[in-house]
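S.K.: Just passing along the structure, written as structure tokens.
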Amino acid sequence: MVKKGFADREGREIDKLLNFAAARLQPSGNYFQASGLRSPAAGRPLDSYHSRDTSGGFSFFCVFITFTLQPCYAIVKTYVLKREQKIPITLNDAWEFFSSPLNLAKITPKDMGFVVTSDYTGDSKMYAGMIITYKISPLLGIKMDWMTEITHVDDKKYFVDEQRFGPYALWHHQHHFKEIESGVHMTDLLHYAIPYGAIGRFANAVFVKSKIEQIFDYRTKVIEELFGKL
């Protein structure tokens, strides 16, 4: 039932959901044999998964995921934002500041209500696999939880944070640092996506894109106030 051209990433996400459902099932019977449903990413038949509750339950859940969530992922649009800034500080000082999870709050607009809830101190430094949790109020003062993972770190060169739980369908933020004459050249490269298909695209056009740009404009201004400008 998978459409041609279905992206590998979307396929992997659907497969995760299917595996989550399958973990609650036990092998037996041939409940799915007639349907011939297969896992999008791995091409694995689902005819070996049988619900503990033969009246429907998780079997229906698997079918629901395959037929309903798959097209939702297929129409998610990814957006890109890139910002560059030159700062008159040493590479060591730049890395020291930006690789501290708690300093993120210092360069985020106050109206975002951004608070790091992870148990880190000012001496904590980022490492691959680090999980950071926050409270944010991105819209109308409504508080929500956000969780990101630092997935890649190359000391004094770059690090990447990715959303694990939060308002976006995708949040992949690269932070790059390069030593230049009299300072550091810093590049932010953000890939993000909004869930809910056409509604998400409309939301991005109306307010999400401008809100994200405002956040990065604020970051630029505060960084200039803290460290100066090249």
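S.K.: Of all residues in the range 178-193, count the ones that are open to solvent by 20 Å² or more (accessible area, probe 1.4 Å) and of a type outside the set (Ser, Thr, Tyr).
M.R.: Residues meeting the conditions: 7.
Residues are listed down the side, and each one gets a yes or a no for (1) of a type in the set (D, E, K, R); (2) without any contact (Cβ under 8 Å) to a residue 24 or more places away in the chain:
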| residue | (1), (2) |
| --- | --- |
| GLU181 | yes, yes |
| VAL184 | no, no |
| ILE194 | no, no |
| ALA198 | no, no |
| LYS211 | yes, no |
| GLN214 | no, no |
| THR220 | no, no |
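S.K.: Taking the options PHE159, PHE97, name whichever one is modelled with pLDDT of 95 or more, surrounded by 13 or more Cβ atoms within 10 Å (Cβ to Cβ) and in contact with a helix residue (DSSP H, G or I) (Cβ under 6 Å, 6 or more places away or on another chain).
M.R.: It is PHE97.
S.K.: Mind listing whichever residues of the range 149-161 are in contact (Cβ under 8 Å) with a residue 24 or more places away in the chain and within 22 Å of PHE216 (Cα to Cα)?
M.R.: ILE150, HIS152, VAL153, LYS156, PHE159, ASP161
S.K.: A follow-up question, please. Among the numbered conditions (1) open to solvent by 40 Å² or more (accessible area, probe 1.4 Å); (2) over 21 Å from TYR79 (Cα atoms); (3) of a type in the set (Gly, Ala, Ser); (4) at pLDDT below 95, tell me where ALA128 comes up short.
M.R.: Among (1) open to solvent by 40 Å² or more (accessible area, probe 1.4 Å); (2) over 21 Å from TYR79 (Cα atoms); (3) of a type in the set (Gly, Ala, Ser); (4) at pLDDT below 95, ALA128 violates only (4).
S.K.: Yes or no: SER118 more than 16 Å from TYR218 (Cβ to Cβ), surrounded by 13 or more Cβ atoms within 10 Å (Cβ to Cβ), modelled with pLDDT of 90 or more and out of contact with any strand residue (DSSP E or B) (no Cβ under 8 Å at 6 or more places or on another chain)?
M.R.: no
S.K.: With respect to the numbered conditions (1) out of contact with any strand residue (DSSP E or B) (no Cβ under 9 Å at 6 or more places or on another chain); (2) open to solvent by less than 50 Å² (accessible area, probe 1.4 Å); (3) farther than 22 Å from TYR192 by Cβ, which one is the sole condition not fulfilled by PRO109?
M.R.: (3)
S.K.: In addition: Would you confirm whether any residue within the range 138-153 is closer than 20 Å to ASP93 by Cα, assigned to a strand (DSSP E or B), in contact with a His (Cβ under 6 Å, 6 or more places away or on another chain) and not charged (D, E, K, R)?
M.R.: no
The values are calculated or read from the model by the stated rules, or taken from the named source; none is laboratory data. These figures come from a predicted structure and were not determined experimentally. Cβ atoms come from the backbone with ideal geometry, glycine included; neighbour counts cover every protein chain shown. All accessible areas refer to the heavy atoms of the entire protein, side chains included, with ligands and DNA or RNA removed. Shrake-Rupley method; radii C 1.70, N 1.55, O 1.52, S 1.80 Å.
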